[in-house]
1. Expressed in nm to one decimal, what extension gain is obtained for the pair residue 282 and residue 62 from 0.36 nm per residue of sequence separation less their Cα-Cα distance?
2. What's the extension gain from residue 40 to residue 129 if we count 0.36 nm per residue and subtract their Cα-Cα distance?
3. Based on the alpha-carbon gyration tensor of region 186-258 and its eigenvalue square roots a ≥ b ≥ c, which shape applies: rounded if a/c is under 1.5, prolate if not and a/b is larger than b/c, or oblate?
4. Towards the positive end of the charge dipole of region 446-642, with charges on Cβ (+1 Lys, Arg; -1 Asp, Glu), say which of 560, 614, 546 has the farthest Cα.
5. Counting only heavy atoms of protein chains, what accessible area per residue, in Å², does region 226-279 have with a probe of 1.4 Å?
6. Rounded, prolate or oblate: pick one for region 78-203, where a ≥ b ≥ c are the square roots of the eigenvalues of its C-alpha gyration tensor, a/c under 1.5 means rounded, and failing that, prolate if a/b is larger than b/c, else oblate.
7. What ranking of 87, 65 comes out by heavy-atom accessible area, probe 1.4 Å, highest first?
8. Any chance you could look up the accessible area of residue 279 with a 1.4 Å probe, heavy atoms only, rounded to 10 Å²?
Amino acid sequence: MASEFPRRLYTKGFEPAPDKSIGYYADDYRLVPALKSALEEDEWEEIYESPLGVFLKFHELDFGWASRLVHHMLTFQIVCKQRYEIWSLIGTTPVWFSLHEFEEITGLNCGYVDDLALTDLALVDDTRAFWELMGVDAESGPSTTEIVEACSNCSSWSRDDRLRLGYLGIFAGFIVATRPGSSTNVNHARLVMDLEGFKEFPWGRIAFQHLIKSVKEKDLSKNIHIEGFVQALQVWVYYALPDFAAEFGEPLPNVTEEPLLLAYKGSRGRKNVKANMLKQARIQSCVAKDLADMFPVWDDDEQDPNIVKIVNALHDPNFKFSKNHWPLEGVLGAHIVKSEAGKRSLPSDESSRKRPCTASASATSFVGEEGVGVVATMKAHFDQCFQSFSTKMLNGLGSCEKQIKRLTEKVESVERAVEELTTGSAKHTEEEPTQQQGTGSKKHEGHMEAYINLLRLRLSKHPEWFVSDRICFLNSMFATVWRRDYEDFKKIRAECKWTKNTWAYDVDYLYSMLHIREDHWVAIWVSFVTKHITVWDSHAGTKHASDEQIVEVVEPLAVMIPYLLQTCAPEDDKWRFPYTPFTHSRVPGTEIPQNIQSGDCGVYCLKYIECHALDLPFPPELCDKNMRKIREKMAAELYDETGCKGHDKLDATGLDVYDRQA
């Protein structure tokens, strides 16, 4: 019976963890404002009310992207050999994402045409002239970036040409939604010369084809960007799980005639997303059609016999899916179980490899034959650092509020913080150097630690805001101590053991800051899942810190963290933590906001950490010209959320974890 249906893609309980947001290019933040500014009111209205206007209406929703929700739905996949569809398994019920569901969600024309690629569309003089007007190579389709740039130069164009620009913006920014600087399909773009033909073309079929191809080629265990209108996947989850959508999708009132795409405001997700998905009793598998019409027609696809069996079962009123139809072992992840035969068994249908995210009851200790030097130092550091985030940060609001008042000694008052935090930005308006007031200096270091503590407080109060409840924010002394004692660690590593620890099960990844030199900081994100350290450097474009300097400060963490994990793990769990140094990479300056003028790297670091932990993209507003306002807002948040005007001195007697300087 079990062999009748396709296997799971991932072994149950060993699906890739959603440790990073799924990136996407649809609805570029620059595009719609540029189009609205470029078009006359009647031109905008014409496109807005056209079949493709659904994308402009969607933009106005300010839809909340729920990366974890989509990630989980994709990891629930079962094997499907058909090119243009996805099947996922919710409990024991299969759900289908095909062209039919995409049409139901978006309301777009998804009809069949003989020549979808438009291979016979020739380059004519009018097309060449319009491409030249846009400043685009005649043999390429315009990119989103080129369209945005053209919007600032189109005031003297004819009405039809401005309409063409608007439709091409929707084509590039929503339908194919590839990298902003990448060219689009030139044949499809040329269709815009016939405005009526462009509006009537089955763009839904193109959009779905582009999206599904991108999804199917991605490895969900890695950092990914999906091309195409990826938000449709999130609405698909709402379609398949209507009760879940009602609770978590923020449904809009009185939406009856619009496509489902415009029925929800969306949400970034909540705590225990996966568990809430799997407990749903009401599941909508697919759009209801006669059996003969169930499979959308594609010229270059063939039916998968195992998928046909599922569709037939869905149409059988007497058939009921059960867990016996879906063995736990999947195509991917099965090797993990097989390699551990005799040690670990497959998780039961109710269990998961993820431990409960409760506070660790035991402190971390570092024991070796030597009782002084690095041993004593590391013991003290782990006692303070890991007990802090496992028993204080995650074990209740009262304890965390106490932390926020005691973990830093340098913020004497929030009033003073406002003054000092804005000093650097005030200097910027006068175009004076700011290194002496920068956050790399000692006077601002305390404010950085205070804001990290504020993020801890928010996590304890509102874990549902964050990308995961299994994260940790560590202040800079974490990396400082490990770097300082790295050489001693290498000498005595074989003699040292960490014992009685469970904190590794409570944290999937952590955020902290590295002090590269006196005037420069970088932010780091350490993923225990992918075993990788990501470095965000606000001066990456100018290489303010050389690659060698980055390696020097990251290496102690890359070597010592996996050693700690492997050593602390119980004997029957050590296979999960092989001792392999973590890899690392510095994100290019073209992909994150950059601090052009020196002195604000600390603020950039804190905002990198905050945005990523909240599963938000780095906003364009994070820039030098807004630095004074950002500093003032951070200081105001410290005052408002901690309820204190100063902090008692931290009693570090006997810890000897880092040197204090006045």
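1. 76.4 nm
2. Working it through step by step, the gained length comes to 29.8 nm.
3. oblate
4. Farthest towards the positive end: 560.
5. Numbers: 2210 Å² over 54 residues.
Ligands and nucleic acids excluded, the result is 41 Å² per residue.
6. In terms of gyration-tensor shape, prolate.
7. 65, 87
8. Using a 1.4 Å probe on the heavy atoms, I get roughly 140 Å².
The values are calculated or read from the model by the stated rules, or taken from the named source; none is laboratory data. Source: prediction; values computed, not measured. Cβ sites come from the backbone with ideal geometry, for glycine too, and all protein chains shown count toward neighbours. When the accessible area is computed, the model is the full protein with side chains, heavy atoms only, and any ligands, DNA or RNA have been set aside. Shrake-Rupley method; radii C 1.70, N 1.55, O 1.52, S 1.80 Å.
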